[in-house]
Amino acid sequence: MRELIGSHDLLLVTLDTLRYDVAVAELAAGRTPTLARHLPGGRWEERHTPASFTYAAHHAFFAGFLPTPVTPGPHERLFAARFGGSETSGPSTYVFDAPDLPAGLAAAGYHTVCLGGVGFFNPAAPLGRVLPDLFAESHWESDFGVTAPDGLGAQIARLTSIVAALPPDRPLFTFVNVAALHQPNKHYLPGATDDSLASHAAALDYVDGRLGELFDLAASRGRPCQVIICSDHGTLYGEDGHVGHRVAHEAVWTVPYGSFVL
């Protein structure tokens with residue numbers, strides 16, 4: 001990653017709450033063709049998230065602690081805040097002298113943009129301003145949120161205007177938190193009256209149908225774009241009596257991850 005900073009744009013997409021097993025099943029069934037075209041080898045990588053819910057996971061992500069490979073480590077990280085005793089920084093790690101990745105990239109000349117989705121990015125409450133305030137520019141509106149049927153489409157529309165106004169020689173770091181997978185998601189499955197694994201999968205299929213536009217936009221600035229796309233945590237639909245997340249369960253901790261250059 002270190003050698004890409006400055007020459008590449010960066011796009012970090014979190015598919016909020018996406019389960020690994022659902023992501024793999026939809027890919028195998030051919031219902032997420034955009035992801036199939038872009039993921040290395042047409043496959044998701046299985047990883048473990050650093051936290052079981054959005055707020056904590058994204059704090060870790062923005063400090064450089066992206067989901068960890070499930071194989072024995074140590075594993076060299078892509079990004080790392082400089083601190084004594086770090087055992088997962090290596091020769092390819094982009095090490096920044098800042099408390100968080102957006103600040104580190106801003107110091108390297110990047111314009112940093114947050115397009116929030118779930119409630120932790122809603123600035124109506126002080127808590128919802130903590131993560132967005134790490135960025136030079138942040139946006140959230142109800143059309144991006146968990147009840148919006150085309151939230152990703154609205155985020156892409158906003159990003160289109162941002163890209164149009166940005167000088168082409170200014171590198172861009174874009175973070176997009178996609179809310180569609182999060183409960184409630186029954187509106188993605190016609191006739192559904194409750195959220196379920198099936199409606200969770202249908203939400204992913206909707207997202208895949210929009211991701212091509214996002215990727216085309218990210219690649220439209222005349223410079224390569226490094227993409228990282230992953231879930232921040234999974235969620236439960238009655239397994240072992242649990243509904244939701246913020247619990248230590250395999251379906252919560254195991255997440256899909258992918259990285260590629262456009």
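The values are calculated or read from the model by the stated rules, or taken from the named source; none is laboratory data. Quick caveat: nothing in here was measured; it's all calculated off a predicted structure. A quick note on method: Cβ atoms are made from the backbone with ideal geometry, for glycine too, and the neighbour counts reach across all protein chains shown. Surface areas here come from the heavy atoms of the whole protein model, side chains and all, with no ligands, DNA or RNA. Shrake-Rupley method; radii C 1.70, N 1.55, O 1.52, S 1.80 Å.
A few comments on the model shown:
- Mean separation of Cα contacts under 8 Å (6+ apart) over length of the chain, as relative contact order %: 32 percent
- Using Cβ point charges alone (K and R +1, D and E -1), the dipole size of the range 5-51 about the Cα centre works out to roughly 140 debye.
- Toward the positive end of the charge dipole of the range 1-158, with +1 on the Cβ of Lys and Arg and -1 on the Cβ of Asp and Glu, the farthest Cα among 145, 112, 22 is that of 22.
- Span-rule helices in the chain, defined as complete DSSP H runs reaching 15 Å or more along the axis (Cα) with Kyte mean at least -0.5: 151-165, 197-218
- Phi angles of the range 105-120 translate, via the Karplus equation with coefficients 6.51, -1.76, 1.60 and θ = phi - 60°, into HN-Hα couplings of 6, 4, 5, 8, x, 7, 7, 10, 10, 10, 10, x, x, 6, x, 5 Hz per residue; Gly and Pro are given as x.
- Per residue of the chain, the DSSP helices (runs of n ≥ 4 H) give a summed -39500 (n - 2.57) that works out to -8000 deg cm²/dmol at 222 nm.
- Only one item in (1) 71, 68, 31; (2) 49, 42, 41; (3) 54, 50, 30 matches Cα extents along the principal axes in Å derived from the coordinates shown, and that item is (2).
- Of the GluC sites (Glu not before Pro) found in the range 17-109, those that fall in a DSSP loop while having at most 10 other beta-carbon atoms within 10 Å are 87.
- Toward the positive end of the charge dipole of the chain, with +1 on the Cβ of Lys and Arg and -1 on the Cβ of Asp and Glu, the farthest Cα among 34, 62, 163 is that of 163.
- For the range 34-147: rounded, prolate or oblate by the Cα gyration tensor [a/c cutoff 1.5]: oblate
- Environment charge at residue 111 (Cβ cut-off 12 Å; Lys +1, Arg +1, Asp -1, Glu -1): -1
- Net dipole in debye of the chain [+1 Lys, Arg Cβ; -1 Asp, Glu Cβ; about Cα centre; nearest 20]: 420 debye
- Take every pair of alpha-carbon atoms less than 8 Å apart whose residues are at least six positions apart; their mean separation over the length of the range 71-223 yields a relative contact order of 18 percent.
- Size of charge dipole - the range 97-214 - debye, nearest 20, with Cβ of Lys, Arg +1 and Asp, Glu -1, no other charges: 100 debye
- Loop sites in the range 41-87: chymotrypsin sites (Phe, Trp or Tyr not before Pro), DSSP, at most 16 other Cβ within 10 Å: 83
- Computed over protein heavy atoms with a 1.4 Å probe, the carbon and sulfur contribution to the accessible area of the chain reaches 56%.
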